[in-house]
Amino acid sequence: MSILFEPFELGRLHIKNRYAVCPMGTLHGPDGGVDEAQKAYIVERARGGFGIVYPSAHTVTLKYEQPMFSGNFLCTESHQAALKDLADEVHKYGAVFAVQLTPGYGRVNAGMPFEYQGLPVTTHVSASENSVFYYPDYKCKALTIDEIQELVADMGKAAVMAKAAGVDIIEIHAYGGYLIDQFMSEIWNHRTDEYGGSFENRMRFFFECYNAVREAVGPDYPLTVKFTPEHGIPGGRTFEGEGLKIARLLDEMDIEYIHLDDGCYERWNKAIPGAYDEAGGCLKIARRLREAGIKKPFMVQDKMVDPKMAEEAIESGLAIIVGLGKQSIADPHYPEKLEHGDIVDINFCTACCECLNGADGCAANPCYTHELEYGELKKTSNPRRILIIGGGPGGMYTAKVAAMAGHKVELWEKNTVLGGNINAAGGPDFKIDMRRFNENLQKQVYKAGVTVRLMKEADCASVAAYDPDVVIVAAGAKPFTPPIPGADRAKVVNAVDVLTDSCGTGDNVVVIGGGEVGFEAALYLMRQGKNVIVLEMQDNILTGSMAMNQRKSLLDMLERHKLSYKTGVSVSEINDDYVKAVDTNGEKSFPCDTVVMATGFKSDSALADSLKAEGLNVYTIGDYNSPRKVVNATCEGYAVIRNLG
């Protein structure tokens, strides 16, 4: 048996494996308590085999935060009752239930600092008069000493409620630039009283919160601390400075483990890494702490999806627990499948971070946030003969789900391989998460019993000959080429072809289009040693709807590679030797061997329209409706199958 699934003792607790669901701000009731939807979400992960399960962080006062903008709360009897109900359900599956307690978010509270569209005013508070992260023109109110001490008392009261509710581990939420960390850090704490100035004074609020919790729960109750050794921003905490100094204090404390974190809101892709970030960021921090002599056990996170990486972290002593965040969203049964060797059945996270971007579902798991209403997919009592046209992510996912539901499913793909445009999205070496998702989804399609026909073009005649009960058109969208003079020259290629190695390029390349696809193609070529420049017509790059951490992650890559780009330029001509473009300073030529078009995609409804005209039962999903994202395609396809009954 892998060490990942060997039970172990943590203080008085017996934990069945090394995997934990990371605390994430996912769902909560209108009063900030655990509601039925959140309970269903958390319990599904406990049922899926995780050893430790965290819900959202629980704030201990309603005085400064509002449920509509924050995670959970634990400061009323109803909050306690809902939390107990959740704890009881989690325990039924043998999981340990851990809850973070926090005095608040401070300057990173997402609430609006002014009345807006009928929403009440939110009072932003912090250690000092810091700028509000989401509204930098507004300042936080510095907490008074009386208010600080009230928050400390609230931490103790919440700890009593958590223990009474059956919580197994309480974690002090002291990381990532949240309120406790704002007190701990010179960059946000400019006080001159006993809570500011010296290192000891800045640590006072943390220790008072910890002591209040410890006194409330007793000496044998398991406590942990989540802590960020390095913020990664100018003026923030550095590892060599106070990061290691704080770690040494934590090493002497009566806690079970240190839950490591990286970055802060300004460097959110370090705390929640996206597709362009490497896996195992916290492991590097853990290794540095071990080398510095820190002995306390660590919980680590950061895209720890590869079981070999997780196994090595445990075996080497770098970690005692591995936390999965987005992967636990993508597949709540990840540990159970991994333990039984069912790797093909794992729905791997794409690291698209759309779960942070307000998506209604997950690219790998459309049931995310819908666990209560969807429940388990059941076998149909009315099997249909379903034809799915298009083998991209939407088509593949829909085909898999339809076959699992008991329908007879055939999937037609006009190309020689499945995958569609995610072959391009997962093409570069730095997009391993999307590639892994694509590869496993293809395996799942065949395992589910779907009949796959490659190089099979769909038209009215061929579809009518197949005689399906239901047709689902998931044929995607085609790359759009703007009407630029010379765009039809042989030197002009599309970014999709570049990212799938379907075409070659010269050494000097101009990429037209400064969105995600354009920059991914540019980076891919730069890493091959090409000279590349990106031209973007708008005044800013990456203007599409990207999650904040994903955008920061890609911008980091652009900066590391020193990729050249120009904004506010309109391409007017492409000829054999150069691209001609115009900006506010006039006309300029960009010499190049190859021009890469990354100017978006365009949908075409002709096929579906013609099939409907023939009286067929037709549904359309994904980019075929309008160019969007993988999450839209898979969620729409899943909804079609569920609604078939």
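The values are calculated or read from the model by the stated rules, or taken from the named source; none is laboratory data. Quantities reported herein were computed from a predicted structural model and do not represent experimental measurements. Here Cβ is always computed from backbone atoms with ideal geometry, including for glycine, and neighbour counts include all displayed protein chains.
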Search result, residues across the stretch 214-244 that are exposed (fewer than 14 other Cβ atoms within 10 Å of the Cβ) and charged (D, E, K, R): Glu215, Asp220, Glu240
From the list Val509, Val534, which residue is over 28 Å from the mean Cα position of the chain (by Cα), aliphatic (A, V, I, L, M) and over 24 Å from Tyr397 (Cβ atoms)? Val509
Among the listed residues Ala475, Ala424, identify the single one that is under 30 Å from Ala495 (Cα atoms) and either assigned to a loop (DSSP other than H, G, I, E, B) or not assigned by TED's automatic domain parsing to the domain that holds Ile621 (or both). Ala475
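Would you point out the residue of the stretch 354-412, among those that are assigned to a helix (DSSP H, G or I) and among the aliphatic types (A, V, I, L, M), that is modelled with the lowest pLDDT?
Applying the filter and picking the extreme gives Leu356.
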If we only count helices (runs of 4 or more DSSP H) wholly inside the stretch 173-274, which ones have 2 or more residues that are at pLDDT below 95? 268-271
Inspect the stretch 233-242 for any residue being small (Gly, Ala, Ser), farther than 30 Å from Lys163 by Cβ and touching a helix residue (DSSP H, G or I) at 6+ places or on another chain (Cβ under 7 Å) and give the result as yes or no. no
Residues (more than 15 Å from Leu4 (Cα to Cα), free of Cβ contacts under 8 Å to residues at least 60 places away in the same chain and in a loop (DSSP other than H, G, I, E, B)) located in the stretch 298-341: Asp302
Name every residue in the stretch 464-483 that is surrounded by fewer than 20 Cβ atoms within 10 Å (Cβ to Cβ) and in contact (Cβ under 8 Å) with a residue 40 or more places away in the chain, in order of residue number. Ala464, Tyr466, Asp467, Asp469, Val470, Lys478, Pro479, Phe480, Thr481, Pro482
Kindly indicate whether Ser502 is surrounded by fewer than 19 Cβ atoms within 10 Å (Cβ to Cβ) and in contact with a helix residue (DSSP H, G or I) (Cβ under 9 Å, 6 or more places away or on another chain). yes
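Residue-by-condition table, conditions (1) of a type in the set (D, E, K, R); (2) at pLDDT below 95; (3) touching a Ser or Thr at 6+ places or on another chain (Cβ under 6 Å):
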residue	(1), (2), (3)
Arg436	yes, no, no
Ala465	no, no, no
Asp469	yes, no, no
Lys491	yes, no, yes
Asp507	yes, no, no
Reported set for the stretch 537-556 where residues are part of a loop (DSSP other than H, G, I, E, B) and under 27 Å from the mean Cα position of the chain (by Cα) is Asn540, Ile541, Leu542, Thr543, Gly544, Ser545, Met546, Ala547
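With Ala521, Ala490 as the choices, which residue is touching a helix residue (DSSP H, G or I) at 6+ places or on another chain (Cβ under 8 Å) and outside any strand (DSSP E or B)? Give the derivation first.
Working: Ala490 fails: touching a helix residue (DSSP H, G or I) at 6+ places or on another chain (Cβ under 8 Å).
One residue alone meets the criteria, Ala521.
Check whether at least one residue in the stretch 143-157 is assigned by TED's automatic domain parsing to the domain that holds Lys270 and outside any helix (DSSP H, G or I), and report yes or no. First the steps, then the outcome.
Initial filter on the stretch 143-157 (assigned by TED's automatic domain parsing to the domain that holds Lys270): 143-157.
Pick out the ones that are also outside any helix (DSSP H, G or I) and you get 143-144.
Scanning the stretch 143-157, I find at least one residue that is assigned by TED's automatic domain parsing to the domain that holds Lys270 and outside any helix (DSSP H, G or I), so the answer is yes.
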By residue number, the members of the stretch 158-172 that are assigned to a helix (DSSP H, G or I), out of contact with any strand residue (DSSP E or B) (no Cβ under 7 Å at 6 or more places or on another chain) and not basic (Lys, Arg) are Val160, Met161, Ala164
